[in-house]
Amino acid sequence: MATTVDYMPQAYEETTANIVTAVTNRLAAATVMKCFWFDTTKDSAIYYKSSGAAADLRHLLTLDENYDSTTSIRRLTMDNAGWIGIGNTAGRIAFNDAATDNISVEDCQFIFNPDTDDFDFILHGNAVSNLFYMDAGNDRIGIGTSTPDVLLHVHSGSAGTVAATGDVDILIECDSSPRLQFLGPDGNAAFLFFGKESDTDHAWINYSHGDDTFGFNSDTTSGVTAAVNISDAGIAIGRFAVASSCALEIAAAGGGANKGYIKMAEIAADPGAPGANNCALYVKDNGGGKTQICAQFNTGAIQVIATEP
């Protein structure tokens, strides 16, 4: 059955002198081009270099649009090294229009380095050259660095000659004061959980925005244990909030009746006057092998509260 063709590609050979300026600047003067036009107005073409010095054999196959005596819009280039240029003649895959450069990957999975070879993956920022750096050879990710020290290394400046501890997985490094922030709405709380195989949230550090309470808490077999909670009202040990009438409260944490006490170790000598309007409470040996509970006041005076029987 016969096939009707509106226009057959025409083979056209010309020297560099007849190629548009954008092409001639990259080719030797005596180079001959082979061109195949795809419409009668010569608006698109495929051309390749058919002769010339070895150093000039750069673009073996090029697809141009609006290829005429004044205009050439480069769409696709394949050079003799096997690189493909999209919108660019330099090889590789590149784009030359900053206003429209984008790649859209739709309805598919993107896998880089599927053979797990030593090929790094790099994303440059506007001011940070190594905004994202995958160090394949060491199996590490760097944010802001091309030489990550651990599995994930967030780097905004050098801390000096100090190195990360060998078993750290996440490292935050800067040249001033490193910071890690949690943001949440008013009335809610922020948590940092610690888990184990048998309990994924066995302990946690939390901050409650509603009552300005900072806590260190854990789970027990009998339920939730409030270990230490700190707020403007004071410090609560064994409770989630301190009573309004005291600055320090110690409760029987976890339901244990024998846990509501303070245990202090003896010190070798009196601590010294604590300053105006203060008192130091401590225990020491009375010199005869007996423990004493003492209070020392800002004048330096010491009051023995009790002596071991």
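Assorted remarks:
Rundown of residues vs (1) free of Cβ contacts under 8 Å to residues at least 12 places away in the same chain; (2) surrounded by fewer than 14 Cβ atoms within 10 Å (Cβ to Cβ); (3) over 22 Å from VAL154 (Cα atoms); (4) under 27 Å from the mean Cα position of the chain (by Cα), yes/no style:
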residue: LEU171; (1), (2), (3), (4): no, no, no, yes
residue: CYS174; (1), (2), (3), (4): no, no, no, yes
residue: ALA189; (1), (2), (3), (4): no, no, yes, yes
residue: GLU197; (1), (2), (3), (4): yes, yes, yes, yes
residue: ASP201; (1), (2), (3), (4): no, yes, yes, yes
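- Counted as qualifying within region 129-247 are the strands (runs of 3 or more DSSP E) with 1 or more residues that are over 30 Å from PHE112 (Cβ atoms) and touching a His at 6+ places or on another chain (Cβ under 7 Å), namely 189-196, 213-220.
- Meets criteria (of a type outside the set (S, T, N, Q) and surrounded by 12 or more Cβ atoms within 10 Å (Cβ to Cβ)) for ALA301: no
- Counted residues, region 295-309 - those being in a loop (DSSP other than H, G, I, E, B) and either in contact with a strand residue (DSSP E or B) (Cβ under 7 Å, 6 or more places away or on another chain) or not assigned by TED's automatic domain parsing to the domain that holds GLY275 (or both): 1
- Test set (1) touching a residue at least 24 places away in the same chain (Cβ under 8 Å); (2) closer than 30 Å to ASP211 by Cβ; (3) not charged (D, E, K, R) - ILE122 fails condition number: (2)
Rundown of residues vs (1) among the small types (Gly, Ala, Ser); (2) more than 21 Å from PHE121 (Cβ to Cβ), yes/no style:
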{"site": "ASP149", "(1), (2)": "no, no"}
{"site": "HIS153", "(1), (2)": "no, no"}
{"site": "GLY157", "(1), (2)": "yes, yes"}
{"site": "THR165", "(1), (2)": "no, yes"}
{"site": "CYS174", "(1), (2)": "no, yes"}
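- Within region 246-259, the set of residues being surrounded by fewer than 17 Cβ atoms within 10 Å (Cβ to Cβ) and at pLDDT below 70 comprises ALA252, GLY255, GLY256, ALA257, ASN258, LYS259.
The values are calculated or read from the model by the stated rules, or taken from the named source; none is laboratory data. This structure is a prediction, so every number in the text was calculated from the model and none was measured. Because the Cβ atoms are built from the backbone with ideal geometry, glycine has one as well, and the counts that use them run over all protein chains shown.
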